[in-house]
Amino acid sequence: MPELLNQIREQLAALQEQKLLRKRRIVDGPQGPLLEVDGRQYLAFCSNDYLGLANHPALHAAAQAGLDKYGVGASASALISGHTSVVEELELALAEFVGMPRALHFSTGYMANMGTIPALVGAGDVVFSDRLNHACLIDGARLSGAQFRIYPHGDVARLEQLLAKSNSSGNSPRKLVVTDAIFSMDGDIAPLPELLALCEKYDAWLLVDDAHGFGVLGPQGRGSVAHFGLKSERILYMGTLGKAAGVAGAFVAGDAILIEWLLQRARTYIFTTASPPMLASALLAAVKVMQTEDWRQQHLQQLIGRLRSGLADLPWPLLPSETAVQALIVEDNQLALDLMEGLRALGIWVPAIRPPTVPKDTARLRISLSAAHSNEQIDQLISALHTVAKHALAKNALTKKYTAAETPGMTRSTVE
Ligand SMILES: *Cc1c(COP(=O)(O)O)cnc(C)c1O
């Protein structure tokens, strides 16, 4: 066997040993609260389909109509011949919906960030990034060649120090602050008004990644910038379309000049085949459903409250979160896995998230809720979690297995 393959085989074996080897499970049928996984039905709390649109009849019908009108593929990049009328219409609808002058459609959120950051900043510039930002903001910043400054999670004072320092260096680099609007593993909301105020004070831009807020926060789900009522030429808003919008893709919205620049320079926009037009057709329907069925957002809010009060007396804390992402911090990796397995035996699927996806000693169950869930399904989860918690604690008392969780309580630190 070539040495290279040998090395990789050993690396895979090491992952297996550390219980970090990831496995996919095979899902059959449409997304929804009830998922058929490896041939068995589960009540699922693991999707980002926050409004229950991934299998909505209006989106089905619109996708079908788009398919009939445009066929399956876009056949070329948007700048050659792949920019269809339905995508043009979608960009206008999205800009209007989030209250920004102009929007540009990307194939995925990952590509949107990987294209946008390097189009705005480069060598000699500085990107400021929250410690808990999503991988694609980090990768986009690295790709840009700009300096990369990390500030502790949500620490506006520390960010201000870093901004002030970069201003005092004599030359005036371009400065870009990048942040998740809702942090994907914690569910908390970034202090966007404070971040924007700092950007104004220190002449920086603010890139807001609203993957988990678009469709969920703000009036009718217009997103986190609308939620805070912010307006500024300094904001670039990135919304993804595969989560609450139920389909796939992403967009970046902001000042018309900036968006024109992205169209000219974002390499992940220019050098890729445009996504299938029928997806844009389904997305136009999604934007409409968000406005005509805003009971979905309200129902989701009510489910969040129901879950939080139902879990309040568990021995582990839920992180503060008013969003669809609810993280139950159990600290110990094995305990998180045991709880996940216990739930699975009861027919409920909640993912355990461990380091390195989250900081050390903050292993958790990441519960994600959807407007497609019913009150009864939330109650089922609450009762199952109490059952598996009791079993885990009894086992713990016998074996002293979970050292980190012996004194339950949150010890999560904000390290720089
Ligand atoms: C999911 C996610 C992305 C990536 O979006 P895709 O469209 O799935 O590529 C970007 N940022 C955050 C915070 C996300 O959670």
From the set of residues in region 342-353 that are part of a loop (DSSP other than H, G, I, E, B) and surrounded by fewer than 20 Cβ atoms within 10 Å (Cβ to Cβ), which is nearest to the chain's Cα centre (by Cα)? Pro351
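Find the residue count for region 117-129, including only residues that are buried (at least 16 other Cβ atoms within 10 Å of the Cβ) and either within 11 Å of the ligand (Cβ to nearest atom) or among the small types (Gly, Ala, Ser) (or both).
Filtering region 117-129 for residues buried (at least 16 other Cβ atoms within 10 Å of the Cβ) gives 117-121, 125-129.
From the residues that got through so far, the ones that are either within 11 Å of the ligand (Cβ to nearest atom) or among the small types (Gly, Ala, Ser) (or both) too are 119, 129.
The total comes to 2.
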Would you be able to say whether some residue in region 333-353 is more than 30 Å from Gly223 (Cβ to Cβ), in contact with a Pro (Cβ under 9 Å, 6 or more places away or on another chain) and not small (Gly, Ala, Ser)? yes
Can you tell me which residue in region 66-91 is surrounded by the most Cβ atoms within 10 Å (Cβ to Cβ), limited to those that are of a type in the set (Asp, Glu) and without any contact (Cβ under 8 Å) to a residue 24 or more places away in the chain? Glu88
Any idea which of (1) in contact (Cβ under 8 Å) with a residue 12 or more places away in the chain; (2) crowded, with 18+ Cβ neighbours inside 10 Å; (3) more than 13 Å from the ligand (Cβ to nearest atom) is the one Asn167 doesn't satisfy? (2)
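Looking at region 220-234, which of its residues are free of Cβ contacts under 8 Å to residues at least 60 places away in the same chain and surrounded by fewer than 24 Cβ atoms within 10 Å (Cβ to Cβ)? Talk me through it step by step, then tell me what you get.
First, pick out the residues of region 220-234 that are free of Cβ contacts under 8 Å to residues at least 60 places away in the same chain: 224, 227-230, 232-234.
His227, Phe228, Gly229, Leu230, Ser232, Glu233, Arg234, listed by residue number.
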Does Gln291 fit the bill of being of a type outside the set (Ser, Thr, Tyr), crowded, with 17+ Cβ neighbours inside 10 Å and touching a residue at least 12 places away in the same chain (Cβ under 8 Å)? no
Write out, first by first residue and then by second, each pair whose Cβ atoms fall under 6 Å of each other, whose residues are 6+ apart or on separate chains, and whose first residue, in region 100-115, is near the ligand (Cβ under 7 Å from one of its atoms) while the second is modelled with pLDDT under 95. none
For Arg149, indicate whether it is assigned to a strand (DSSP E or B), more than 16 Å from the ligand (Cβ to nearest atom) and touching a strand residue (DSSP E or B) at 6+ places or on another chain (Cβ under 7 Å). yes
Pairs under 7 Å by beta carbon, first residue in contact (Cβ under 8 Å) with a residue 12 or more places away in the chain in region 187-216, partner acidic (Asp, Glu) and outside any strand (DSSP E or B), six or more apart or different chains? Leu198/Glu160
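Have a look at Leu137, Leu132 and point out the one that is in a loop (DSSP other than H, G, I, E, B) and either within 14 Å of the ligand (Cβ to nearest atom) or at pLDDT below 95 (or both).
On the way: Leu137 fails: in a loop (DSSP other than H, G, I, E, B).
Only one candidate qualifies: Leu132.
Return yes or no: is Pro57 surrounded by fewer than 18 Cβ atoms within 10 Å (Cβ to Cβ), within 27 Å of Gln291 (Cβ to Cβ), of a type outside the set (A, V, I, L, M, F, W, C) and more than 22 Å from the chain's Cα centre (by Cα)?
Working: surrounded by fewer than 18 Cβ atoms within 10 Å (Cβ to Cβ): yes; within 27 Å of Gln291 (Cβ to Cβ): yes; of a type outside the set (A, V, I, L, M, F, W, C): yes; more than 22 Å from the chain's Cα centre (by Cα): yes.
Yes.
Looking at Ala65, Ala58, Ala13, which one is part of a helix (DSSP H, G or I), small (Gly, Ala, Ser) and over 26 Å from Ala286 (Cβ atoms)?
Numbers: Ala65 fails: over 26 Å from Ala286 (Cβ atoms); Ala58 fails: over 26 Å from Ala286 (Cβ atoms).
After applying the criteria, what remains is Ala13.
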With the structure loaded, tell me whether Ala253 is crowded, with 24+ Cβ neighbours inside 10 Å, of a type in the set (A, V, I, L, M) and touching a Pro at 6+ places or on another chain (Cβ under 9 Å) or whether it fails that test. yes
One residue is enough: does region 329-341 have a residue meeting the conditions loosely packed, with under 15 Cβ neighbours inside 10 Å and assigned by TED's automatic domain parsing to the domain that holds Pro33? yes
Exactly one of these conditions fails for Glu36: (1) acidic (Asp, Glu); (2) over 23 Å from Lys288 (Cβ atoms); (3) under 22 Å from the mean Cα position of the chain (by Cα). Give me its number. (3)
When residues of region 173-192 are limited to those that are away from the ligand (no atom under 11 Å from the Cβ) and under 18 Å from Leu162 (Cα atoms), the one farthest from the chain's Cα centre (by Cα): Pro173
Just to be sure, is Ser370 within 25 Å of Gln302 (Cα to Cα) and part of a loop (DSSP other than H, G, I, E, B)? yes
Exception for Thr272 within (1) within 16 Å of the ligand (Cβ to nearest atom); (2) more than 26 Å from Ala190 (Cα to Cα); (3) buried (at least 24 other Cβ atoms within 10 Å of the Cβ) falls at (3)
List the pairs whose first member sits in region 131-159 and is in contact (Cβ under 8 Å) with a residue 24 or more places away in the chain, whose second member is of a type in the set (D, E, K, R) and surrounded by fewer than 16 Cβ atoms within 10 Å (Cβ to Cβ), and whose Cβ atoms are under 6 Å apart, counting only residues at least 6 apart or on separate chains? Pro152/Glu416; Val156/Glu194
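For region 246-256, check the following and say yes or no: at least one residue is farther than 29 Å from Ala65 by Cβ, assigned by TED's automatic domain parsing to the domain that holds Leu176 and among the aliphatic types (A, V, I, L, M). I'd like the intermediate steps shown before the answer.
Quick first cut of region 246-256, residues farther than 29 Å from Ala65 by Cβ only: 254-256.
Retained after the next criterion (residues that are assigned by TED's automatic domain parsing to the domain that holds Leu176): 254-256.
Pick out the ones that are also among the aliphatic types (A, V, I, L, M) and you get 256.
Within region 246-256 (the criterion being farther than 29 Å from Ala65 by Cβ, assigned by TED's automatic domain parsing to the domain that holds Leu176 and among the aliphatic types (A, V, I, L, M)), the answer is yes, since at least one residue qualifies.
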Can you pull out every residue in region 209-244 that is over 12 Å from the mean Cα position of the chain (by Cα) and under 14 Å from Glu91 (Cβ atoms)? Tyr237
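The values are calculated or read from the model by the stated rules, or taken from the named source; none is laboratory data. Just so you know, these numbers come straight off a predicted model, no measurement behind them. Reconstructed Cβ throughout: ideal geometry from the backbone, glycine too, with neighbour counts over all protein chains shown.
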